1. Just one of the numbered conditions (1) outside any strand (DSSP E or B); (2) without any contact (Cβ under 8 Å) to a residue 60 or more places away in the chain; (3) surrounded by 14 or more Cβ atoms within 10 Å (Cβ to Cβ) is not true of T61; which one?
2. Tell me which residues, restricted to region 41-57, are surrounded by 12 or more Cβ atoms within 10 Å (Cβ to Cβ) and either under 14 Å from V71 (Cβ atoms) or of a type outside the set (A, V, I, L, M) (or both).
3. Among the residues of region 27-40, what is the count of those that are surrounded by 12 or more Cβ atoms within 10 Å (Cβ to Cβ) and in a strand (DSSP E or B)?
4. Search region 74-90 for residues being of a type in the set (V, I, T) and surrounded by 14 or more Cβ atoms within 10 Å (Cβ to Cβ), and hand back the single one that is farthest from K48 (Cα to Cα).
5. With the checklist (1) more than 16 Å from the chain's Cα centre (by Cα); (2) surrounded by 10 or more Cβ atoms within 10 Å (Cβ to Cβ); (3) modelled with pLDDT of 80 or more in hand, flag the one item Q13 doesn't pass.
Amino acid sequence: MPGKKEQEIVTPQPAALAGTVNTEEPPGGTQYFHTDYVSVHWSLIDVKVRFGELVKHIPATNTSILWERAVVTMSWEEAKVLASVLQDAISRYEHVNGEIKKLADLKLP
């Protein structure tokens, strides 16, 4: 949004990344995705988060078409860090903008 400054929240990093960390865009660029659907699968050693985008709903058959946009697998430790960082971001957002309301009665197009 024009005129809006993005808030950056930095995750705690292991000692190996102490000091200056330079973030660079990889060859081919950074990929950006929109998601309005998230599902989580897990095992003893890691967590897999699937991000999707609802692209179509067919009311006659009550069927939805979801494009899987990205899958991210991480350790449980990193998942806990992510949960903490997201909770901090949500708290900051709600402090400025008020409570985020759930859209319980969302009507699909």
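1. Checking T61 against (1) outside any strand (DSSP E or B); (2) without any contact (Cβ under 8 Å) to a residue 60 or more places away in the chain; (3) surrounded by 14 or more Cβ atoms within 10 Å (Cβ to Cβ), the one that fails is (3).
2. Result: W42, D46, V47, K48, V49, R50, F51, G52, E53, H57.
3. The number of residues fulfilling the criteria is 2.
4. The extreme case among them is V85.
5. Going through (1) more than 16 Å from the chain's Cα centre (by Cα); (2) surrounded by 10 or more Cβ atoms within 10 Å (Cβ to Cβ); (3) modelled with pLDDT of 80 or more one by one, Q13 breaks only (3).
The values are calculated or read from the model by the stated rules, or taken from the named source; none is laboratory data. In this text the structure is predicted, and so the values were computed from the model without any measurement. Glycine gets a Cβ as well: all are built from the backbone with ideal geometry, and neighbour counts include every protein chain shown.
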